[in-house]
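Undergrad: Quick one: the structure is below, and I'll ask about it shortly.
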């Protein structure tokens, strides 16, 4: 449900009051930033500079792996910096966007309490300690929240920022078809006339590196179909975004209702869950799958998680993958024995070393 028309003005006034007297604001996205967190951070940067004469920097942790996300930064010239090149202690205010304290998906120094949190995921208890937070689980994108602030402030958007916000909502809600609220739809439609369509096309269709196809090939080999659930064990990936990208792809497979993708990046194990069931709760599901092994979160039809140090060795990664897959199949009441995604003339396709099916015979939920 969209907020009353005057809610944005009140929140804007509160934010302006909080930033009064501040000289330096650091805005931090979640790690491995996607279009929503990038656009949210950039919009908040513009807003803060309008509200107060202060230095504002936008930073991220992790990497930017997906081609569309790199193109977004390059084509629109988003002023995003690496967090490890800045000193958070030198700022007298910190804002966290599209993430919350304690989620484990941002690179804020341990013990750091942000001044501002803006997010659209379920509210966490630790966030209630933040001086200013605006968390709206019923919104499809975090950038929609800040867009309402921009409107309340009477700011006119240039084509670059308008395009970033438009694309962020489009990507986060799958063109308004996933978890979109009335507020998301309104901002999306209002911005449409301002979009730079040439830039948008460049972002949505970036050049694809050759190793991308190798990763797709590897993921196909690692996919098993368990009735209406697709499970992918991708092995080592070049960046964490690949895991989410393949989960997005597999949930589109005819007859599939849920997809789980697991991949190894550095010492960590990454996983993503997607569903095309509108009344499902992927966030709750992934938290049950991960349990106390790591951290996870999400909502509606998409969610992600990470097991820190879950891939420090191939043996440990294989063991954890089996536990996670078994839990997911059990919770989703899926068939325990899967079949390969692709067969050629009745023969299982194998262009990579064979991986054990998920789960192995005799495995039980943990």
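Here, each number is a calculation from the coordinates, and none is a lab measurement. Just so it is clear, the model here is predicted, and its values are computed rather than measured. Methodologically, a virtual Cβ is constructed for each residue, glycine included, from the backbone with ideal geometry; neighbour enumeration extends over all protein chains shown.
Undergrad: For residue 10 and residue 337, compute 0.36 nm times the residue count separating them, minus their Cα-Cα distance, and round to one decimal in nm.
TA: 112.3 nm
Undergrad: Also, I was wondering about something else. Can you tell me the order of 173-182, 325-334 when each peptide is scored by its average per-residue count of other Cβ atoms within 10 angstrom, highest first?
TA: Descending mean neighbour count gives 325-334, 173-182.
Undergrad: Relative contact order for the chain: what percent, with Cα pairs under 8 Å and sequence separation of 6 or more?
TA: 13 percent
Undergrad: How big is the Cα convex hull of the stretch 7-204 in projection, averaged over all directions, in nm²?
TA: 10.1 nm²
Undergrad: Could you order the peptides 148-155, 233-240 from most to least packed, using the average number of other C-beta atoms within 10 Å per residue?
TA: 233-240, 148-155
Undergrad: Give me the compactness ratio for the chain, meaning the Cα radius of gyration over 2.2 N^0.38 Å.
TA: 1.00
Undergrad: Nearest 0.05, what FRET efficiency do residue 23 and residue 112 give at R0 = 22 Å with Cβ-Cβ as r?
TA: 0.75
Undergrad: Let me ask something else about it. May I ask you to list the residues of the stretch 204-226 whose amide nitrogen lies under 11 Å from a point 7 Å from Cα along the Cα→beta-carbon direction of residue 70?
TA: 206-212
Undergrad: Can you tell me the 0 to 90 degree angle between the C-alpha axis of helix 67-76 and the longest principal axis of the chain, rounded to 10?
TA: 20 degrees
Undergrad: Would you mind putting 206-212, 303-309, 289-295, 163-169 in packing order, based on average other-beta-carbon counts within 10 Å, highest first?
TA: Packing order, densest peptide first, comes out as 163-169, 303-309, 289-295, 206-212.
Undergrad: For residue 77 and residue 216, FRET efficiency with R0 = 30 Å and r from the beta-carbon atoms, rounded to 0.05?
TA: For R0 = 30 Å, the calculated efficiency reads 0.50.
Undergrad: With a cut-off of 8 Å between alpha carbons and a minimum separation of six or more residues, what is the relative contact order of the stretch 7-204 in percent?
TA: For the stretch 7-204, the relative contact order is 23 percent.
Undergrad: What is the antiparallel percent of DSSP beta bridges lying wholly in the chain, to the nearest 5?
TA: Within the chain, antiparallel bridges account for around 50 percent of the total.
Undergrad: Next question. Using the beta-carbon distance between residue 313 and residue 55 and R0 = 51 Å, what value does 1/(1 + (r/R0)^6) give for FRET efficiency, to the nearest 0.05?
TA: With a Förster radius of 51 Å, E is 0.70.
Undergrad: If you bin every alpha carbon distance in the stretch 275-350 into 10 Å steps from zero, what whole percent lands in each bin?
TA: 17, 38, 33, 12, 0
Undergrad: Tell me what the chain gives for mean residue ellipticity at 222 nm when only DSSP H runs of n ≥ 4 count, each as -39,500 (n - 2.57), the sum divided by the residue total, rounded to 500 deg cm²/dmol.
TA: Helices in the chain give a 222 nm mean residue ellipticity of -11000 deg cm²/dmol.
Undergrad: Shifting gears a bit: Note down the Stokes-Einstein diffusion coefficient of the stretch 1-121 in µm²/s, whole number, using a Kirkwood radius over alpha carbon pairs, 20 °C, and 1.002 mPa s.
TA: 144 µm²/s
Undergrad: Please report, in cubic angstrom per residue, the volume enclosed by the convex hull of the alpha-carbon atoms of the stretch 211-348.
TA: Normalising the Cα hull of the stretch 211-348 by residue number yields 102 Å³.
Undergrad: Just grab the label-to-label distance for residue 182 and residue 123, each label 7 Å out from Cα along the Cβ direction, in nm (one decimal).
TA: Reported label-point gap for residue 182 and residue 123 is 2.1 nm.
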